[in-house]
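Colleague: Input: one structure, supplied below.
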């Protein structure tokens, strides 16, 4: 078991690097190739455009997810509490960062426990899927859910990040069967999420057969965790290894289509480089249920709750105006609105 200090130090490094360094992928999301057909006569009242939906038994007022980011340090605790309060006030979903630190060191659990700040919000617990090959199983998955009173569990996939970490856990063989065991045993839905390199058709099919309820594509085009690890690395060779993968991955738009075309019954969460409500609207038109953002929320939460709520309000209005101008009065209509592709 790795000591608390090493896990906490790594989490602190991740926060600092994401706030201070250029960690963007060398790829774009692919969303720039899509545009809506403008409706000069939308036949809608802007103020009646409905952004709400039901998801996993909770009502969301906006199709927006605060993507999983952090936990395990005092700074992370403050960030998570701010994000949870914002999710509660705005009626959006929130994912917590990987709870492995708190599973192994229960004294860190409080840095993830935000339900008291978000009693009605849709909350997602989070563990690295690869830990299922490192003595984790159904019990640890259930503990992560119970720890934060979560509505669902995210199992995240970060094979490339682990491969370029000196301390990385890289035994990914046979993982899909263990994911299936967790899906069958838990009483809450299981979501599988990438961390920034997207999804292929083959992997979408494997996960659908394993029984997952949703896939968060987390495509290329936003934060590249190989670049984050490049900034963490002390050894020059390790830095060069991480830097080589700056343009690795499947862009977000392509990832959405891969999952939609392969497993049309699965819910798709879109994330990876989303920056505006227009990006989220495009993702929903491509087949996603909602859009997730991390970077903009991290920067805002470090500042204040008001700054975080302001980000949400701006994204909400951008989605609403986009739907209005495209002639989509609700999210179902948006999901069937055609997009024009320009190479």
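Colleague: Would you call residue 316 free of Cβ contacts under 8 Å to residues at least 40 places away in the same chain, more than 16 Å from residue 212 (Cβ to Cβ) and surrounded by fewer than 21 Cβ atoms within 10 Å (Cβ to Cβ)? Working first, answer last.
Modeller: Details: free of Cβ contacts under 8 Å to residues at least 40 places away in the same chain: no; more than 16 Å from residue 212 (Cβ to Cβ): yes; surrounded by fewer than 21 Cβ atoms within 10 Å (Cβ to Cβ): yes.
So residue 316 does not fit the description; no.
Colleague: Could you check segment 199-255 and list, in sequence order, the residues that are under 15 Å from the mean Cα position of the chain (by Cα) and within 30 Å of residue 185 (Cα to Cα)?
Modeller: The answer is 199, 213, 214, 215, 216, 217, 218, 219, 255.
Colleague: Filtering segment 227-252 down to residues that are in a helix (DSSP H, G or I) and without any contact (Cβ under 8 Å) to a residue 24 or more places away in the chain, which residue is farthest from residue 17 (Cα to Cα)?
Modeller: Pass one, segment 227-252, residues in a helix (DSSP H, G or I): 227-232, 236-243, 252.
Next, only the ones that are without any contact (Cβ under 8 Å) to a residue 24 or more places away in the chain stay: 236-237, 239-240, 243.
Working: 236: 17, 237: 19, 239: 14, 240: 17, 243: 15 Å.
Out of the qualifying residues, it is 237.
Colleague: Just for strands (runs of 3 or more DSSP E) wholly inside segment 26-100: which have at least 2 residues that are touching a strand residue (DSSP E or B) at 6+ places or on another chain (Cβ under 8 Å) and closer than 19 Å to residue 195 by Cβ? Let's see the steps before the verdict.
Modeller: Numbers: elements: 34-36, 53-55, 58-60, 64-66, 93-95.
Counting at least 2 such residues, we get 64-66, 93-95.
Colleague: Follow-up. For segment 126-146, how many residues meet the condition of being more than 19 Å from residue 171 (Cα to Cα) and without any contact (Cβ under 8 Å) to a residue 40 or more places away in the chain?
Modeller: 2
Colleague: Kindly indicate whether residue 308 is modelled with pLDDT of 95 or more, under 23 Å from residue 154 (Cβ atoms) and out of contact with any strand residue (DSSP E or B) (no Cβ under 7 Å at 6 or more places or on another chain).
Modeller: Numbers: modelled with pLDDT of 95 or more: yes; under 23 Å from residue 154 (Cβ atoms): yes; out of contact with any strand residue (DSSP E or B) (no Cβ under 7 Å at 6 or more places or on another chain): yes.
The answer is yes for residue 308.
Colleague: Of these, 41, 108, which one is closer than 29 Å to residue 181 by Cβ and modelled with pLDDT of 95 or more? Don't jump to the end; show me each part of the working.
Modeller: Details: 41 fails: closer than 29 Å to residue 181 by Cβ.
Just one listed residue meets the conditions, 108.
Colleague: Can I ask one more? Can you tell me which of (1) modelled with pLDDT under 95; (2) over 19 Å from residue 131 (Cα atoms); (3) in contact with a helix residue (DSSP H, G or I) (Cβ under 7 Å, 6 or more places away or on another chain) is the one residue 234 doesn't meet?
Modeller: (3)
Colleague: Please work out which one of (1) farther than 30 Å from residue 237 by Cβ; (2) free of Cβ contacts under 8 Å to residues at least 60 places away in the same chain is the condition residue 105 fails and give its number.
Modeller: For residue 105, the failing item is (2).
Colleague: Out of segment 272-304, which residues are out of contact with any helix residue (DSSP H, G or I) (no Cβ under 7 Å at 6 or more places or on another chain) and at pLDDT 95 or above?
Modeller: 289, 290, 292, 293, 303, 304
Colleague: Going through 195, 182 one at a time, which residue ends up being free of Cβ contacts under 8 Å to residues at least 60 places away in the same chain, buried (at least 16 other Cβ atoms within 10 Å of the Cβ) and more than 17 Å from the chain's Cα centre (by Cα)?
Modeller: Numbers: 195 fails: more than 17 Å from the chain's Cα centre (by Cα).
Testing whether each residue is free of Cβ contacts under 8 Å to residues at least 60 places away in the same chain, buried (at least 16 other Cβ atoms within 10 Å of the Cβ) and more than 17 Å from the chain's Cα centre (by Cα) leaves just 182.
Colleague: Give me a count of the residues in segment 101-118 that are in a helix (DSSP H, G or I) and either more than 23 Å from residue 60 (Cβ to Cβ) or in contact with a strand residue (DSSP E or B) (Cβ under 7 Å, 6 or more places away or on another chain) (or both).
Modeller: Taking segment 101-118 first, the residues in a helix (DSSP H, G or I) are 101-104, 106-111, 115-117.
Next cut, either more than 23 Å from residue 60 (Cβ to Cβ) or in contact with a strand residue (DSSP E or B) (Cβ under 7 Å, 6 or more places away or on another chain) (or both) only: 101-104, 106-111, 115.
Result for segment 101-118: 11.
Colleague: From the list 218, 285, 204, pick out the single residue that is touching a strand residue (DSSP E or B) at 6+ places or on another chain (Cβ under 9 Å) and buried (at least 24 other Cβ atoms within 10 Å of the Cβ). Step through it out loud before you land on a result.
Modeller: Working: 285 fails: buried (at least 24 other Cβ atoms within 10 Å of the Cβ); 204 fails: buried (at least 24 other Cβ atoms within 10 Å of the Cβ).
Testing whether each residue is touching a strand residue (DSSP E or B) at 6+ places or on another chain (Cβ under 9 Å) and buried (at least 24 other Cβ atoms within 10 Å of the Cβ) leaves just 218.
The values are calculated or read from the model by the stated rules, or taken from the named source; none is laboratory data. As the structure is a computational prediction, the values presented were derived from the model and not from experiment. When we count neighbours, we look across all protein chains shown, and the Cβ atoms used for this are built from the backbone with ideal geometry, even at glycine.
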